[in-house]
Amino acid sequence: MYDTAVRHTNTAPGAVGGRDGAHAGVRADGLGKRFDDLWAVRALDLDVAPGTVLGLLGHNGAGKTTAIRMLTTLSRPTEGRASVAGFDVVTHGADVRRRIGVASQQTTVDPLLDARLNLELIGRLSQLPRAAARRRAAELLTRLDLDDAADRLVKTFSGGMRRRLDLAACLLATPSVLFLDEPTTGLDPRSREDLWTVLRDLVDGGTTLILTTQYLEEADRLADDIVVMDHGRSVATGTPSELKRRIGGDRIEVTVPEHTELVAAGAVISPFATGELSLDGDSLTVTASVGADVRIVDVVRALDDAGIDVRDVNRRQATLDDVFLTLTTPGGRP
Amino acid sequence: MTAIATAPHPTSPDPTAPVAARPTRALLADSLVFARRNVEHIRQIPEKLLDVTVQPIMFVLLFGFVFGGAIAVDGGSYREYLIGGILVQSLAFGMFGPAMAIASDLQEGVIDRFRSLPTARSAYLLGHFLAELAAISLAITILLLTGLATGWRAHTDIWHIGEAIALLALFGAGMIWVGTWLGMVVRSPDAVQGIGFVLVFPITFISSAFVPIESMPGALQWVASFNPVSALAAAVRELFGNPVTPVTKDVWPMLHPVAASWMYCVLILAVAVPAALHRHRVRTTD
């Protein structure tokens, strides 16, 4: 069933309509951006309801950042249209900018100012009155756990602190739509968890969130809907559970010492797998997608009973690579 | 996509929500915020001010006392002659401040943040301009005080002195916009230094800023006579009542330095401002 139909991007009910569908969330219809001969984004359709989270999932160069730049008015679409918070990004850029917060991949806080002043200046530039900018800056410093560092120069900050400050900078004007380009790339697991908590709180408060990520886990944890992008195009859309169903859960990898045992090992593992196996003759590895109920001990025991010598067995979560392998291979594993 | 739009969306007016101010007032207010950012940078890195404070003093002392003895100026002392030249040279070098600052902003991606805010686009450039204008005012003040301390005097009335300062300010403003343009043309902040040494250094030196034109070889005399820096230095000297060296090539700018200087300054502004605005549009549009 995974023919080219899954590549069709527009699964939103009612999203086929014209501009009447503009709402307080985010919409894109056939959005495309060409740099010289290269289409960085092509035929992108999005429909993100207010108060929901969309995860744009893809490798480097998939077009995620370009998509964000178009939606945040930083880059002009070559074709198609988009509306954010009910306003067209091309014709009503100023209205859009008044309602959004943007954190790009590069941290864009000023390293030569302290954290508090960074926020106050951005608050002023977001057209907040002076007192409101100051109050809001103090509020956000507390909320993002930066109180102790508030009066330190940003150049002394760790990566995680800069990310948090960057996020605070986006939140000054209480945006209704928030765009975060790979918010947790380069963060340690602890900082990542902290940031996720903050983002969940924001969304619970009614903020619409669009984030890009290379991590399947991040999209899974945060997003209501996921759009998988590859080479500028959307290759699959759905809720995290829908996508997980398609890609078939965890992976078990079994490595054997001899080439001759590869097929035999495959035969033993096959009953555990939810789909076809992949046998790699170079690394002498059998990879199988398995359901949550499969225990690795059972697999090892079965291999042992069959008298197959095993060099290594491991179980891992499906990665972005597995997603692409599954979603972009016609007739791939169900 | 499945819509999970149950979370309430804030629709009631929020006291902290941005208010749309009147365009011109907002532009000015935003520009002042950007200018404040530059001032804060100087507070963090005071060395940034060296080029408009210590450097001009150094030039006055270096030329006044080291080279001064070897340079003869008819009808007055070299130290009186020097101040007009150094004022113009310092303002010409004033283009590097904005060029470096803007090139750094572009490199660091800060500019993307500013662009995603509801500010007028030109507020960013105007903010840099206001901050640099303050810096060159400081430079002019420091230079005049250093001049007074080393024997320079203005021998004219308040109107001529005022015109000299107005002319210098206009030239300084022009050079800030040249620097603004340059900052958006170069690929990195480091390149600004390089261009400074191979281009601006010779331009300020092949002029009457430091030495009388008559002491140069014939071909260079032509270059120096048409060099705006020569006209400006001569104009400032004339307006201050300081010694002016003889005109060796009878070209209009040297015969009427004050009028020529006003024209040069207006011309620089008329070219540099639109070029900078255009370049800004190009660099921040993709």
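Among the residues of the range A:243-260, those identified as over 19 Å from residue A:284 (Cα atoms) and not charged (D, E, K, R) are A:243, A:247, A:248, A:249. What is the one condition in (1) within 30 Å of residue B:124 (Cα to Cα); (2) surrounded by 22 or more Cβ atoms within 10 Å (Cβ to Cβ) that residue B:277 does not satisfy? For residue B:277, the failing item is (2). Only one of the numbered conditions (1) free of Cβ contacts under 8 Å to residues at least 12 places away in the same chain; (2) within 30 Å of residue A:48 (Cα to Cα) is violated by residue A:280, and that is (2). Within the set A:226, A:269, A:252, A:247, the sole residue that is surrounded by 20 or more Cβ atoms within 10 Å (Cβ to Cβ), of a type outside the set (S, T, N, Q) and within 14 Å of chain B (Cβ to nearest Cβ) turns out to be A:226. Considered as a group, the residues in the range B:152-192 that are surrounded by 15 or more Cβ atoms within 10 Å (Cβ to Cβ) and free of Cβ contacts under 8 Å to residues at least 40 places away in the same chain include one that is nearest to the chain's Cα centre (by Cα), and that residue is B:169. Among the residues of the range B:32-76, those identified as small (Gly, Ala, Ser), crowded, with 16+ Cβ neighbours inside 10 Å and more than 18 Å from the chain's Cα centre (by Cα) are B:64, B:68.
The condition of being within 14 Å of chain A (Cβ to nearest Cβ), over 22 Å from residue A:108 (Cβ atoms) and of a type outside the set (Phe, Trp, Tyr) does not hold for residue B:118. Among the residues here, residue A:61 does not qualify as more than 9 Å from chain B (Cβ to nearest Cβ) and more than 19 Å from the chain's Cα centre (by Cα). Can you confirm whether residue A:220 is surrounded by 24 or more Cβ atoms within 10 Å (Cβ to Cβ), within 13 Å of the chain's Cα centre (by Cα) and in the same structural domain as residue A:49 (by TED's automatic domain parsing)? When the stated conditions are applied, residue A:220 does not pass them.
Residue count for the range A:168-189 satisfying the condition of being part of a helix (DSSP H, G or I), closer than 29 Å to residue A:324 by Cβ and touching a residue at least 24 places away in the same chain (Cβ under 8 Å): 0. The residue list A:273, A:318, A:236 contains one member that is among the small types (Gly, Ala, Ser) and farther than 26 Å from residue A:225 by Cα, which is A:273. Residues that are under 26 Å from residue A:133 (Cβ atoms) and modelled with pLDDT of 90 or more number at least 3 in the following strands (runs of 3 or more DSSP E) confined to the range A:12-117: A:100-103. Restricting the range A:70-92 to residues that are farther than 16 Å from residue A:176 by Cβ and of a type in the set (Gly, Ala, Ser) leaves a set whose member that is farthest from the other protein chains (Cβ to nearest Cβ) is A:80. Is it the case that residue B:65 is aromatic (Phe, Trp, Tyr), at pLDDT below 90 and in a helix (DSSP H, G or I)? Yes. Answer yes or no as to whether residue A:240 is in the same structural domain as residue A:99 (by TED's automatic domain parsing), buried (at least 17 other Cβ atoms within 10 Å of the Cβ), touching an Asp or Glu at 6+ places or on another chain (Cβ under 6 Å) and not small (Gly, Ala, Ser). Yes; evaluated as a whole, the condition is true for this residue. What number of residues in the range A:104-146 are more than 7 Å from chain B (Cβ to nearest Cβ) and of a type outside the set (Val, Ile, Thr)? Selection size over the range A:104-146: 24.
Does the range A:147-162 hold any residues that are farther than 24 Å from residue A:205 by Cα and either among the β-branched types (Val, Ile, Thr) or more than 8 Å from every other protein chain (Cβ to nearest Cβ) (or both), and which are they? Selection gives A:148, A:149, A:150, A:151, A:152, A:154, A:155, A:156, A:157, A:158, A:159. Taken over the range B:43-62, the criterion of being without any contact (Cβ under 8 Å) to a residue 24 or more places away in the chain, part of a helix (DSSP H, G or I) and within 11 Å of another protein chain (Cβ to nearest Cβ) is satisfied by B:43, B:44.
The values are calculated or read from the model by the stated rules, or taken from the named source; none is laboratory data. Only a predicted model underlies this, so the values are computations on that prediction, with no experimental measurement involved. Counting neighbours? That spans all protein chains shown, and the Cβs are built from the backbone with ideal geometry, glycine included.
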